[in-house]
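Trainee: Could you have a look at this structure, given as C-alpha cells, before my questions?
The values are calculated or read from the model by the stated rules, or taken from the named source; none is laboratory data. Just so you know, these numbers come straight off a predicted model, no measurement behind them. Backbone-built Cβ (ideal geometry, glycine too); neighbour counts: all protein chains shown.
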C-alpha cells in the first residue's frame, strides 16, 4: 500500500510577501491585478479572507468587501525561487515528487527509508524544515493515495497535519460530502443532490454500473472515490501537452474586429513561446479561449498537423457565434504539442 503526502503552502504568495515585510502580517493583504484594469485576486492572507476575499475573485469585488485591502502586484521571480527551495526540501525524502503548482505537490514516500518509513514523521519534518529554513508554513495530508491525501491536507489548513491511516479510510469517506471530492464543482454537486445524493454513503447505495450509466464519466470516477479508491501514481515529471497565452481586457469587447485586434497582439508572444519547444510543422492543434463578462467561458479547438496563424481568425468567428452577443472580458490562444519523443522522431523523418 502506498504512502502519499500532500503538501500545500498556506496562502503562498501572500505569505512570502509577509515574510519579506512583517508589517503586512496584521493587515488584509492580497496579490493580484489592479481593479481598474479588470484584475483578479491571485491569493490573499487569512486576514483578508475574514472579509470574504478569495482567490480568483475580481479585484473590484475584493475592494468592495474589504476597503482596507492592501493590494500588491506580486513578484513571480521571488515566488519561483522560493518554490525551488521548497522542492529541494521534498527531494531530501523522495525522488517521487509531483508538483501541482509553485506551492503544492504530492510526494510518494512508500519506499523512503527516512524516519523509519513513517510518512507521518516525514511530513512533520518537511513542514518543520519549511518553517525553519524559509520562514513559511505548510499544511500536509498523509494517506494511502493522492485523492485522500489532498482531502486530509484540507482538513488541517492552515499550518496543520492530518493523517488518514488505511484502517480509517472507510469511516473517513463514508460521511464525506460528494461536493468535497476534487473534480466535483458546485453545479455538479447540485445535480447530484437533486437525485438525493449528498454523501458518499448515499452514492454507495447505487450499484457501480448504475452510477456509470446514470452519470457517464462522472459515474466512473464516483464509483472509485466513494470507496476511497485512487490508483493514480505520483508522476515525478509531467509532459506538457499545450502552450497558451491569454489576456484580460481593460474593457469588454463585442465585435469580431476588436477581438481580432487583441489576438494579433497575442500571436507573436504565442509563437515565441512554442517556437522554443516545437517546430511549426509539428504543432498538433490550435484553439481560442473566450471568457465572458459573466465569467462563463468557451474554447474552440481544432486538431490538425502544422501551425497556421490565420486559422485563429476562423476559430474566433466560431467562438463568437457561440457567444451569441455576450460581452467578452478575456481572450486566449493555445497550441497543442506533440507527445514526448515525437518532436525528434518527426524531425528525423523529415530529414530522410
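Trainee: Based on what the data block shows, is residue 275 surrounded by 12 or more Cβ atoms within 10 Å (Cβ to Cβ), farther than 24 Å from residue 59 by Cβ, out of contact with any strand residue (DSSP E or B) (no Cβ under 7 Å at 6 or more places or on another chain) and free of Cβ contacts under 8 Å to residues at least 12 places away in the same chain?
Mentor: Spelling it out, residue 275 is indeed surrounded by 12 or more Cβ atoms within 10 Å (Cβ to Cβ), farther than 24 Å from residue 59 by Cβ, out of contact with any strand residue (DSSP E or B) (no Cβ under 7 Å at 6 or more places or on another chain) and free of Cβ contacts under 8 Å to residues at least 12 places away in the same chain.
Trainee: So if I check each of 151, 78, 136, which one is in contact with a helix residue (DSSP H, G or I) (Cβ under 9 Å, 6 or more places away or on another chain) and over 29 Å from residue 21 (Cβ atoms)?
Mentor: 151
Trainee: Can I ask one more? Restricting the search to the range 125-146, which residues are touching a strand residue (DSSP E or B) at 6+ places or on another chain (Cβ under 9 Å) and part of a helix (DSSP H, G or I)?
Mentor: So in the range 125-146, the residues touching a strand residue (DSSP E or B) at 6+ places or on another chain (Cβ under 9 Å) come out as 126-127, 130-131, 136-146.
Those that are touching a strand residue (DSSP E or B) at 6+ places or on another chain (Cβ under 9 Å) and part of a helix (DSSP H, G or I): 126, 127, 130, 131, 146.
Trainee: Return a yes/no flag: does the range 198-208 have any residue that is over 29 Å from residue 5 (Cα atoms), exposed (fewer than 15 other Cβ atoms within 10 Å of the Cβ) and touching a helix residue (DSSP H, G or I) at 6+ places or on another chain (Cβ under 8 Å).
Mentor: No, the range 198-208 contains no residue that is over 29 Å from residue 5 (Cα atoms), exposed (fewer than 15 other Cβ atoms within 10 Å of the Cβ) and touching a helix residue (DSSP H, G or I) at 6+ places or on another chain (Cβ under 8 Å).
Trainee: Can you tell me which of (1) in a loop (DSSP other than H, G, I, E, B); (2) surrounded by 17 or more Cβ atoms within 10 Å (Cβ to Cβ); (3) in contact (Cβ under 8 Å) with a residue 40 or more places away in the chain is the one residue 227 doesn't meet?
Mentor: Every condition holds for residue 227 apart from (2).
Trainee: Only one of (1) without any contact (Cβ under 8 Å) to a residue 24 or more places away in the chain; (2) buried (at least 19 other Cβ atoms within 10 Å of the Cβ) is not met by residue 54, so which one is it?
Mentor: Evaluating residue 54 over (1) without any contact (Cβ under 8 Å) to a residue 24 or more places away in the chain; (2) buried (at least 19 other Cβ atoms within 10 Å of the Cβ) leaves (2) as the failure.
Trainee: Oh, and also: What do you reckon, is residue 314 in contact with a helix residue (DSSP H, G or I) (Cβ under 9 Å, 6 or more places away or on another chain), more than 30 Å from residue 58 (Cα to Cα) and in a helix (DSSP H, G or I)?
Mentor: Considered against the rule, which asks whether it is in contact with a helix residue (DSSP H, G or I) (Cβ under 9 Å, 6 or more places away or on another chain), more than 30 Å from residue 58 (Cα to Cα) and in a helix (DSSP H, G or I), residue 314 comes out as no.
Trainee: I need the helices (runs of 4 or more DSSP H) fully contained in the range 28-94, keeping only those with at least 1 residues that are within 17 Å of residue 15 (Cα to Cα) and at pLDDT below 95.
Mentor: 76-91
Trainee: So how many residues does the range 89-110 have that are over 17 Å from the mean Cα position of the chain (by Cα), within 18 Å of residue 134 (Cα to Cα) and buried (at least 20 other Cβ atoms within 10 Å of the Cβ)?
Mentor: 2
Trainee: Out of (1) part of a helix (DSSP H, G or I); (2) surrounded by 22 or more Cβ atoms within 10 Å (Cβ to Cβ), what's the single condition that is false for residue 19?
Mentor: All conditions pass for residue 19, except number (2).
Trainee: May I pose another question? Which residue pairs have Cβ atoms closer than 6 Å, lie 6 or more positions apart in sequence or on different chains, and pair a first residue in the range 147-162 that is under 18 Å from residue 228 (Cβ atoms) with a second residue that is part of a helix (DSSP H, G or I)?
Mentor: Qualifying pairs under 6 Å: 162/152; 162/155.
Trainee: Suppose we keep only residues that are more than 24 Å from the chain's Cα centre (by Cα) and assigned to a loop (DSSP other than H, G, I, E, B) within the range 317-341. Which one would you say is surrounded by the most Cβ atoms within 10 Å (Cβ to Cβ)?
Mentor: 326
Trainee: Can you tell me which residue among 234, 300, 245 is touching a strand residue (DSSP E or B) at 6+ places or on another chain (Cβ under 8 Å), modelled with pLDDT of 85 or more, buried (at least 17 other Cβ atoms within 10 Å of the Cβ) and under 30 Å from residue 108 (Cβ atoms)?
Mentor: Checking each option against the conditions leaves just 234.
Trainee: Could you tell me which of the residues 194, 178 is touching a residue at least 24 places away in the same chain (Cβ under 8 Å) and farther than 30 Å from residue 14 by Cβ?
Mentor: 178
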